[in-house]
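A short reminder: the numbers here are calculations on the coordinates, not readings from a lab. On a predicted model such as this, the values are computed, not experimentally measured, just so you know. Note: ideal-geometry Cβ built from the backbone for every residue, glycine included; neighbour counts use all protein chains shown.
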């Protein structure tokens, strides 16, 4: 009986101890942009338990879309609007990744796109003390589901849409090196994803630096066939996503690059078209668990 009391006392004492797991953190990290020649910031997200962990964490570089561009300082919070950072910060989704989330400079896009020119800070998702904010509504999708056939009449080259992520390639490489050097980061589990403009950027970065990434997942941004040889040669797992009702980046332009990867012998290749969704198919992609679990299946040798 005495031993039973001791066991119960130890159990009660353990239940009263504070949890050792630290909270997640969102850090603003300054850097000197080699492109813009000024100091800018990017976000580094550290998951819960990072501080006391003795293990290194997988890393996910996320490239945002056209609407979240900015000066890397006062406007940096706009990158919280979509993707993995929105999920972990606003929706409090538990993910085991360190996130690297940079901001693409404006390059005059605020004079061309109303959705950038007319945006306001109240559109930036907020992290609530209790609970999570309601998710935004779906984009209107007047386009019918059609199942577009392949189309190779590209109007852009291998770098994708104009003034995109290839413009800041050197800055992205510096950020990756900085995080892998200064944080508990596992270089063998460095992943890459992006949406829209960031989807195009993901294809580009994976092709130009195939030695870096353990897997890549471009969303609603197709890859030019001219980018595919280094990806296939290095057997980088690919999971690409399109929206079947997307009037901006149509699914039919994905097939040439996807077919090229298959022709070149890429072993791990997935292509998912969300036929019922428009350009904002990324909302379903990043809100679910499938993509993150898929990333964690892969590790560079």
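Observations on the structure shown:
- Shape of the chain, Cα gyration tensor, a/c cut at 1.5: prolate
- Between the helical axis of 169-182 and the longest alpha-carbon principal axis of the chain there is an angle of about 10 degrees.
- On a per residue basis, the convex hull of the C-alpha atoms belonging to the range 160-288 measures out at 103 Å³.
- For the chain, built as a Gaussian network whose Cα springs stay under 10 Å, the top-fluctuating residue of 22, 130, 272: 130
- Every Cα-Cα pair of the range 227-266 was included, and the share exceeding 17 Å stands at 33 percent.
- For the range 57-129, the fraction of alpha-carbon pairs lying more than 14 Å apart is 61 percent, rounded to a whole number.
- Build a GNM of the chain with springs between Cα atoms under 10 Å apart, and of 198, 265, 137 the one that fluctuates most is 137.
- Cα centroid separation - the range 106-166 against the range 53-84, whole Å: 15
- Added length on full extension, which subtracts the Cα-Cα distance from 0.36 nm per residue, residue 229 to residue 112: 38.7 nm
- Between residue 25 and residue 74, full extension at 0.36 nm per residue minus the direct alpha carbon distance yields a gain of 15.7 nm.
- Hypothetical label at residue 264: residues of the range 158-192 whose amide nitrogen lies under 16 Å (7 Å Cα-Cβ projection): 158-160
- At q = 0.24, 0.26, 0.27 Å⁻¹ the log10 of I(q)/I(0) for the range 154-224 amounts to -1.08, -1.21, -1.27, computed by Debye summation with a single uniform scatterer per C-alpha, solvent ignored.
- Considering only 220, 44, 35, the Gaussian network model of the chain with Cα springs below 10 Å gives its largest mean-square fluctuation to 35.
- Intensity falloff of the range 59-215 expressed as log10 I(q)/I(0), Debye formula with alpha-carbon point scatterers, at q = 0.15, 0.16, 0.17, 0.18 Å⁻¹: -0.94, -1.05, -1.16, -1.27
- Fully extended contour minus Cα-Cα distance, from residue 143 to residue 156, at 0.36 nm per residue: 2.3 nm
- Two-site label geometry, residue 51 and residue 177: point separation in nm, points 7 Å out along Cα→Cβ: 3.1
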